[in-house]
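Here is the structure we will look at, set down as structure tokens.
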Amino acid sequence: MNIRLLAATACCGLFLASAVHAEVKVQTIDYKDGDFALRGYLAYDDSSQAKRPGVLVFAQFMGIGDLETRAIKKLAAMGYVAFTADVYGPNVKLPDWPAGFKVMATYITNRPLMRSRGAAGLSVLLANPLVDSTKIGVIGYCFGGASALELARSGADVLGTVAFHGTLNTPTPDDAKNIKGRVLALQGGDDPVVPQKEVDGFEAEMRAAHIDWQLVQYGNAVHAYTMPELGTDNSKGAAYNEKADKRSWVAMTDFFQETFNR
């Protein structure tokens with residue numbers, strides 16, 4: 001009996017040691033889109049050298065921040081390699097929302113440039129030796145949702161695309177025929193930034209291209225429902241909603257588990 005107890009204790013100790021050893025690493029990656037300098041952040045669990053799915057993360061209109069950093073760390077802890085794709089470049093400083101809207105407009109009105117930035121980030125993710133290049137997902141928040149969808153519309157080898165309160169419209173809806181994987185849109189049901197007319201247009205686009213798509217709308221949620229720093233006043237049009245935040249992450253988790261057969 002004592003021998004069995006000792007063996008059990010030893011096994012438990014090995015498990016705990018392994019769990020302690022497992023650690024999410026975050027690395028800064030400098031890269032380029034042509035001659036344009038970019039900087040993203042890579043997160044992964046270093047407890048294993050086994051290949052795993054990769055997830056590219058696109059930021060909201062103010063650029064890479066706490067929201068995206070939290071996301072890549074959570075994804076890494078779930079067993080993915082996650083990388084924040086830089087769109088604006090590290091030299092762009094945004095002091096306030098008007099500055100963010102101005103820079104975002106540069107890309108909203110130039111979708112080929114948006115796609116080029118996304119492709120550059122995807123190349124960095126694919127180059128990582130821990131990434132299974134046959135299992136790639138992409139997610140994005142707000143403007144990042146538009147970036148993720150445009151990358152999918154470009155015909156990139158992406159199995160699953162997820163937009164959190166994303167901008168859904170596109171000047172080239174026929175490009176949806178190029179999408180190679182599944183699409184999931186997670187929208188605030190009362191989002192004034194992405195009104196129902198735009199949501200309806202997205203649905204028509206997906207149907208016309210015969211995409212495997214899903215749309216979830218969260219009641220009482222407006223734009224940017226994943227961002228706690230915005231407060232909870234829906235009258236502002238952009239506000240945090242804890243229920244929508246948690247439910248949307250679960251929806252993404254289930255979507256990727258099915259998509260990657262995990």
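Readers should treat all values here as calculations from the given coordinates under stated rules, not as data from a laboratory. The structure displayed is predicted, hence computed values, not measured ones. Neighbour counts are summed over all protein chains in view; Cβ atoms, including those assigned to glycine, are modelled from backbone coordinates with ideal geometry.
Data for the structure
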{"read-out": "Förster radius 41 Å - calculated FRET efficiency between Ala77 and Glu198 (Cβ-Cβ, nearest 0.05)", "value": "0.75"}
{"read-out": "Antiparallel content of DSSP bridges confined to region 23-259, in %, to 5", "value": "30"}
{"read-out": "Shape box of region 114-201 [Cα atoms, principal axes, largest first, Å]", "value": "42, 23, 21"}
{"read-out": "Loop-resident sites, region 132-191, for trypsin sites (Lys or Arg not before Pro), counting at most 16 other Cβ within 10 Å (DSSP)", "value": "Lys180"}
{"read-out": "Ordering of 95-105, 247-257, 156-166, 117-127 by packing [mean C-beta count within 10 Å, highest first]", "value": "156-166, 117-127, 247-257, 95-105"}
{"read-out": "Among the listed pairs Lys51/Lys73; Lys25/Lys246; Lys51/Lys135; Lys177/Lys246, those beyond 21 Å (Cα-Cα)", "value": "Lys25/Lys246; Lys177/Lys246"}
{"read-out": "Relative contact order of region 148-262, defined on C-alpha pairs under 8 angstrom at six or more residues apart (%)", "value": "24"}
{"read-out": "Residue among Gly40, Ser235, Leu75 farthest towards the positive dipole end of region 23-259, charges placed on Cβ", "value": "Gly40"}
{"read-out": "Size of electric dipole in region 165-262: Cβ of Lys, Arg +1 and of Asp, Glu -1, about Cα centre, debye, nearest 20", "value": "240"}
{"read-out": "Residues Ile179, Ile211, sorted so that the one with the fewest Cβ neighbours within 10 Å comes first", "value": "Ile211, Ile179"}
{"read-out": "Simple Cβ-charge dipole of region 23-259, Lys/Arg +1 and Asp/Glu -1, about Cα centre, in debye nearest 20", "value": "280"}
{"read-out": "Computed FRET value (nearest 0.05) for Asp157 with His210, which takes r as the C-beta separation and R₀ as 30 Å", "value": "0.95"}
{"read-out": "Geometric extent, Cα atoms of region 23-259 - Rg, Dmax (angstrom)", "value": "16.4, 48"}
{"read-out": "Neighbourhood net charge (9 Å Cβ-Cβ; Lys/Arg +1, Asp/Glu -1) for Thr170", "value": "-1"}
{"read-out": "Alpha-carbon gyration tensor eigenvalues x 5, square-rooted, for region 154-262, Å", "value": "25, 17, 10"}
{"read-out": "Positive dipole terminus of the chain, leading residue within Leu125, Thr84, Gly155 (C-beta point charges)", "value": "Leu125"}
{"read-out": "Ranked packing of 43-52, 68-77, most packed first, by mean Cβ within 10 Å", "value": "68-77, 43-52"}
{"read-out": "Residue-count net charge about Ala120 - beta-carbon cut-off 9 Å; Lys, Arg +1, Asp, Glu -1", "value": "0"}
{"read-out": "Ascending count of other beta-carbon atoms within 10 Å, so fewest first, for Met114, Met62, Met78", "value": "Met78, Met62, Met114"}
